[in-house]
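The values are calculated or read from the model by the stated rules, or taken from the named source; none is laboratory data. On a predicted model such as this, the values are computed, not experimentally measured, just so you know. When we count neighbours, we look across all protein chains shown, and the Cβ atoms used for this are built from the backbone with ideal geometry, even at glycine.
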Number of protein chains: 2
Amino acid sequence: MLRTVGIIGGGQLARMMIVPAIELGFEIKVLAEAEQSPAKLAATVGDYTDLQTVRDFAKTVDVVTFDHEHVPLHILETLIADGVNVQPSPKALLFAQNKLAMRKRLAELGVPIPAWAEVSSDADIDSFISAHGGVAVLKTATGGYDGKGVRVITAASDATDWLAEGKALLIEEKVNFVRELAQLSARNTSGQWSAWPVVETIQRAGVCAEVHSPAAAADHEQAAKIAEVIATGLGVTGVLAVELFETVDGKLLVNELAMRPHNSGHFTIDGSVTSQFEQHLRAVLDLPLGSTEGTSAFAVMLNLLGPETANTFAERFENAWVLENTSHIHLYGKEYRLGRKMGHITALSSDSLADARAQALATYNALLA
Amino acid sequence: MLRTVGIIGGGQLARMMIVPAIELGFEIKVLAEAEQSPAKLAATVGDYTDLQTVRDFAKTVDVVTFDHEHVPLHILETLIADGVNVQPSPKALLFAQNKLAMRKRLAELGVPIPAWAEVSSDADIDSFISAHGGVAVLKTATGGYDGKGVRVITAASDATDWLAEGKALLIEEKVNFVRELAQLSARNTSGQWSAWPVVETIQRAGVCAEVHSPAAAADHEQAAKIAEVIATGLGVTGVLAVELFETVDGKLLVNELAMRPHNSGHFTIDGSVTSQFEQHLRAVLDLPLGSTEGTSAFAVMLNLLGPETANTFAERFENAWVLENTSHIHLYGKEYRLGRKMGHITALSSDSLADARAQALATYNALLA
């Protein structure tokens, strides 16, 4: 019996899930938004906000999973009523789609999170701000990603438009963090759970630029425990990424969640016995999870973002490959656009993060040259 | 500029070339014989013996390469006249398609080969047999693979049918070998050449069953030298597999050639920094070749051949994955058939071939259970 995995969304995450499907002999089908998607090899084109389109797609696969978290929950609930196997379930996805629901549930579970409140008026906002040092982070409950729907504010007047639009809003303390970490793990539908080492993520202009694995001198045990409580408590299946703030006093606070393979886990393709993409397929098919051990002691990933000068990087393999370092170049087959995630580099080292980073950076510079 | 690789043939070799194409951001198109081919994700269906079909396919890609060696040379020569980039070229492929041409050319190059002769009569055959101990191997010059077109004979009367059919034939001494080796290497169109360690191949019933890398106590230098002389002398581009006999006195003799990724190199997916499939794409696109260093000191590959009891192995992942050894399972998405190459297992070890083999065997048995 060949198993068929259906992925909604045709981005690079779906593209990278095609690889383990080929290697393990699974069938794979993607519902993509456009003809020229990174996952086009396995894709049919259709609108994921149209119930009939998603229903028809679901009929052709054994399990439905996701490249992104934007599929309307009412569509997924209808699929569940139809008897479709949806992983993660809409019950869990709610917490990835709605930040208010997520904060409430994490508070119930006793997971460490920033101070927060639901707000719906100028008075609510101003009182939270004055209680938290004159500055706070305002977020729309839904619709935010990659820096959208998030605003640092110092007064309610900074949020007049969102309040006028009647958006559901939450406000959070502006955490005085020293760095950001991400804890990647996976849980299959039988409840087996497994984590990779916690990593350090470095953002530039609100976008992930670098990932260092493992995060140096981090509290790995605490990070893994937080992820396990969330995965179990929210009923997550597949890969779960927990973005964390590390504060000056070494405390970890949960920032955001993603219930799918995540940019912070791309290093696992080359740097781990089991990649996050293979693990996600195993988890949603309810197969035993694979080893999350490193293939080397250290890995550094650099995102290849569309640079100032038009460049898809594909013309520059010659420059990069003469370096003969351990860098693995991954490109997503995308047209160039400034700042776009076009691909990534992972370099490995048995010596140090600094060595892995130096190799990755040399390859990065060669691809830009 | 995105590069598009075109592969003629939709078997598991084409399937496994799709993976590095996805990872490196190349476009890939496959011309397959049937709808349900292992490479169907990237395939259109068409007859590779039909000139117009192959011509139309070639127009849509930047380079044409192969999953098998059966495309008629006159078709490829027409493509070349059309200005199509065909790698390896028909000039080189001739030596993979025609064993008489291959033996003549290897003899000219001074490469060690078994004693051989072109034969076209009972007298030719009987005289060769009596000069070589009463037994010999008769081969049709073209059309032989996986044991077809090869016959061990003791008299011309064993070959009456082939002689009557007027087939071009060659006869070779039956080499008294102690084991079989395979030397895998690759050469790009600029002439850069790179070899993996020579491996031991173990055949059962004429089909490759196991590959051990590196071959224990083998003359790696001699094997690599032979492969380099052949790759350069025959103008091979892409992956070249040289199958070798090792004789009792430690001499190496060339048995067969393949000018494409080869079963003896499947271990490179997990066991080498650069897999043979990635290297083949780099070579035919004339990009710098990647490192052929091992990811572990030892690798053992076992073929998953369709067993007596119908089993695609895909139902048995649970059995295999609870073992938690280093085995990587690869399935080709094929329907079950007795003796069919359905997939393979590669296990790695830093300790010994015996350790790698024990792991692979445990996984193999779990998939059969």
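No other residue among B:94, B:13 is more than 14 Å from chain A (Cβ to nearest Cβ), in contact (Cβ under 8 Å) with a residue 12 or more places away in the chain, outside any strand (DSSP E or B) and not acidic (Asp, Glu) apart from B:94. Could you go through the range B:302-312 and let me know if any residue there is away from chain A (no Cβ under 12 Å) and under 16 Å from the mean Cα position of the chain (by Cα). Yes: one or more hits. Just one of A:195, A:218, A:227, A:223 is over 30 Å from residue A:124 (Cβ atoms), among the small types (Gly, Ala, Ser), buried (at least 17 other Cβ atoms within 10 Å of the Cβ) and in contact with a helix residue (DSSP H, G or I) (Cβ under 7 Å, 6 or more places away or on another chain); which is it? Of A:195, A:218, A:227, A:223, the one residue that is over 30 Å from residue A:124 (Cβ atoms), among the small types (Gly, Ala, Ser), buried (at least 17 other Cβ atoms within 10 Å of the Cβ) and in contact with a helix residue (DSSP H, G or I) (Cβ under 7 Å, 6 or more places away or on another chain) is A:195. Of all residues in the range A:49-86, those satisfying the criterion of being outside any helix (DSSP H, G or I), of a type in the set (Val, Ile, Thr) and under 24 Å from residue A:277 (Cα atoms) are A:60, A:61, A:63, A:64, A:65, A:71, A:84, A:86.
Under the condition of being away from chain B (no Cβ under 14 Å) and assigned to a loop (DSSP other than H, G, I, E, B), which residue from the range A:254-266 is surrounded by the most Cβ atoms within 10 Å (Cβ to Cβ)? In this case the residue turns out to be A:261. Taken over the range B:336-348, the criterion of being within 21 Å of residue A:274 (Cα to Cα) and at the interface with chain A (Cβ under 9 Å from one of its Cβ atoms) is satisfied by B:343 alone. Residue under question is residue B:347, and the condition is that it be surrounded by fewer than 21 Cβ atoms within 10 Å (Cβ to Cβ), modelled with pLDDT of 95 or more and of a type in the set (A, V, I, L, M, F, W, C); does it hold? No: the conditions fail for residue B:347. Looking only at the range B:349-365, decide whether some residue is within 14 Å of another protein chain (Cβ to nearest Cβ) and within 26 Å of residue A:285 (Cα to Cα). Yes, the range B:349-365 has at least one match. Taken over the range A:320-330, the criterion of being at the interface with chain B (Cβ under 7 Å from one of its Cβ atoms) and either without any contact (Cβ under 8 Å) to a residue 60 or more places away in the chain or basic (Lys, Arg) (or both) is satisfied by A:321, A:322, A:324, A:329.
Is it the case that some residue within the range B:65-81 is away from every other protein chain (no Cβ under 14 Å), small (Gly, Ala, Ser) and touching a Leu at 6+ places or on another chain (Cβ under 9 Å)? No, the conditions are met nowhere in the range B:65-81.
Pick from the range A:1-18 the residues that are surrounded by fewer than 23 Cβ atoms within 10 Å (Cβ to Cβ) and in contact with a Ser or Thr (Cβ under 8 Å, 6 or more places away or on another chain): which of them is farthest from residue A:241 (Cα to Cα)? Across the range A:1-18, the extreme among qualifying residues is A:1. Scanning the range B:16-48 for residues that are assigned to a strand (DSSP E or B) and either closer than 22 Å to residue A:313 by Cβ or in the same structural domain as residue B:264 (by TED's automatic domain parsing) (or both) turns up B:27, B:28, B:29.
Within the range A:20-40, the residues that satisfy the criterion of being surrounded by 21 or more Cβ atoms within 10 Å (Cβ to Cβ) and hydrophobic (A, V, I, L, M, F, W, C) are A:21, A:22, A:24, A:26, A:28, A:30, A:31, A:32, A:39. Within the range A:146-173, the set of residues being assigned to a loop (DSSP other than H, G, I, E, B) and free of Cβ contacts under 8 Å to residues at least 60 places away in the same chain comprises A:148, A:149, A:154, A:155, A:165, A:166, A:167. Here the condition is being on the phi > 0 side of the Ramachandran plot, within 14 Å of chain A (Cβ to nearest Cβ) and either crowded, with 23+ Cβ neighbours inside 10 Å or modelled with pLDDT of 95 or more (or both); of B:271, B:333, B:290, it holds for B:333 alone.
Residues in the range B:295-314 that are charged (D, E, K, R) and touching a helix residue (DSSP H, G or I) at 6+ places or on another chain (Cβ under 9 Å): how many? So the answer is 0. Residue pairs, Cβ under 6 Å, 6 or more apart or interchain, first in the range B:300-319 and farther than 15 Å from residue B:333 by Cβ, second hydroxyl-bearing (Ser, Thr, Tyr). List them. Sorted first by the residue in the range B:300-319, then by its partner, the pairs are B:301/B:346; B:302/B:364; B:310/B:336. Selection of the range A:97-141 for residues being among the aromatic types (Phe, Trp, Tyr) and in a helix (DSSP H, G or I) yields only A:128.
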